[in-house]
1. Taking the range 578-621, which residues are buried (at least 20 other Cβ atoms within 10 Å of the Cβ) and farther than 15 Å from V509 by Cβ?
2. Considering only residues that are in a helix (DSSP H, G or I) and in contact (Cβ under 8 Å) with a residue 24 or more places away in the chain, look in the range 335-349 and name the one that is surrounded by the fewest Cβ atoms within 10 Å (Cβ to Cβ).
3. Which count do you get for residues in the range 142-167 that are within 25 Å of L586 (Cα to Cα) and of a type in the set (S, T, N, Q)?
4. Where in the range 397-443 are the strands (runs of 3 or more DSSP E), entirely inside, with at least 2 residues that are under 19 Å from G24 (Cα atoms), under 21 Å from the mean Cα position of the chain (by Cα) and at pLDDT 90 or above?
5. Filtering the range 116-133 down to residues that are more than 16 Å from A186 (Cα to Cα) and not aliphatic (A, V, I, L, M), which residue is nearest to the chain's Cα centre (by Cα)?
6. Six or more apart or on different chains, Cβ atoms under 8 Å: show the pairs whose first residue is in the range 464-488 and touching a residue at least 40 places away in the same chain (Cβ under 8 Å) and whose second is β-branched (V, I, T) and part of a helix (DSSP H, G or I).
7. Could you please find all residues in the range 223-241 being closer than 14 Å to L155 by Cβ and either touching a residue at least 60 places away in the same chain (Cβ under 8 Å) or assigned to a helix (DSSP H, G or I) (or both)?
8. Restricting to the range 12-28, and then to whatever is within 22 Å of F460 (Cα to Cα) and exposed (fewer than 15 other Cβ atoms within 10 Å of the Cβ), can you tell me which residue is modelled with the lowest pLDDT?
Amino acid sequence: MNFQPTQSSVDSDTSVRYREVRIGSAPARVRREEDVWYIESAALPGAYPKRLTDRLASGARAHPDRWLVARRGADGQWHGISYAQMLQHARAIGQALLDRKLSAERPVAILSGNDLEHMMIALGAMWAGVPYAPISPAYSLVSSDFGKLRHTLDLLTPGLVFATDANAFAAAIDATVAADVEVVTATGSCTREVTNLSVLLSTVATTVDAAHESIDADSIAKFLFTSGSTMLPKAVPTTHRMLCSNQQMLLETFPEFAHEPPVLVDWLPWNHTFGGSHNAGIALYNGGTLYIDDGKPVGKKFDETLRNLREIAPTIYFNVPKGWEELTSALETDAQLRETFFSRVKVYFFAGAGLSQAAWDRLQQVTERFCGERIRIMAGLGMTETSPSCLFTTRPAMCAGYVGVPAPGCEVKLVPVSGKLEARFRGPHVMRGYWRMDDASIAKSFDDEGYYCSGDALKFVDPQQPELGLMFDGRIAEDFKLSSGTFVSVGPMRARVISAGAPYVQDVVVTGLNRDDVGLLVFPRVDDCRRLAQLPSSASAFEVVNAPAVRQFFVELLDQLNRESTGSASAIARLRLLDVAPSLDLGEITDKGSINQRAVLTQRAPLVEALHDTTQRDPAVIYAPHVWA
């Protein structure tokens, strides 16, 4: 999970007023041993509980009637589960799981997405000391061959599979779940026999509290699957120590959470570490409330997000850049939305990709116009293997690609690899290894000092002042050489193109390995491009990418990018707009929506060859003027 801010310059205007918020500000300590850098926070994290579910118990005592989680029902009203009610549900479900003799070797697999039932199953499993695994719903509902779902279930060998709506998941269950594995659902039916969730909820708790007390910090709370951006997803055993220590790191970074219990309105999926460990964890750990948002920044689904934000005022708001762009547009025109949203939000936080400078400026402008002050825009860097947070942008620097300084308790090591500095992490929040992988494979993920080797490249925002923090510098494995031997840094190039091409570029794949120049395969934002071309909603993607107005925009974009380039490694000779969306089944896109560069290059090899063909022009390709001069 890469959190990448893209403010283009340090904000040194002291006259700018920001809404008051408590943010940790401990400086970074930096030391160098030959060509290796070690960085850590000068602050140490405070004490944290042995089990994440200890926060459920303490919350049930301190504020039993406060909602932990809520979701809008079919009747249009919000329905919530209080801390006391959730503890009761967790004890009953936990006892039912113990009665079924489930364990890490036979865990619970959850196929469905964010909902109240999912949260009950998850906390019930954790209360009993039975690991659970939230699996991307896309593996069941979008995939046509269920390949990734089958892989995850084969790796887990679950003893129980849960899906809230049996009707929606019936095909996936029938195709992948072994006949001797119990299936539990809340509604609907399958061709096979299923157990209703009510059976688990009616179980009388007898031994489960003693089982909970026996859970130690290194017990596995859940399995989270990596996104599978380079290969099949791997299972990360996420322990209670990892989750609790990282939440304490978050609390040290955002002491505001201790002052005012956080209120979140959030759609980010719980099968992903940002939504499930970071955001849901913030609510539980700090006695807050999570309102499940059934919207998302895709097509018309964002209308539901806006509906929710007109009613519920978050104290901190998380989203991906596309969501922030959509929200900013709505804030400019919707007075009711502004009144609710701005009423108590104190921090904006984004993740998953870079927020373009244009989107950043526009968000600041609409905030300042209607609030009379700005609200802090923050980001950082983390990943599934670190549960997830490592770095946060708490220092004064704020520039393109800035990911900040280590959170208290996170040790960062920067090691030269392939001409860059690879980020490596150590601390109580870092996994010890992937599930059911051989020792030799796991050993490759750690260095001789026990640091997890992330594959992310970082660099100093100011080499003369390393204590100011770090910038994201791409993925080392994605970089390649041109035929001239010049290295192309893929990550920064992708960020530059996506930012400059907003809002018409969804993502890009950089081409040119062992070739004379750099090319791009561009996945456009078809809806935005359709509006640019003033085409009807019925116009196909092929018609959209070939519309004169769209092609002219990308001609001008290519020219702009090349005017800003500094040499062959940053100049772009050619690009092609793709009218076929990336495929989940073919591995071109991960379940969280990020592009798998390697898979796209493999699956679309003929397009890459045509893109770089020097013998004839391809009418589908947009070329820089010098290519055929």
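1. Residues satisfying the conditions are L584, D591, K592.
2. The selected residue is Q336.
3. 4
4. Here the list reads 402-406.
5. The selected residue is Y132.
6. Pairs found: G474/V490; E478/V490; D479/V490.
7. F223, L224, F225, T226, G228, L232, P233, K234, A235, V236, P237
8. Going through the qualifying residues, I end up with S12.
The values are calculated or read from the model by the stated rules, or taken from the named source; none is laboratory data. Note that the structure is a prediction, hence the values are computed from the model and not measured. No Cβ is skipped: glycine too gets one built from the backbone with ideal geometry, and neighbour counts run over all protein chains shown.
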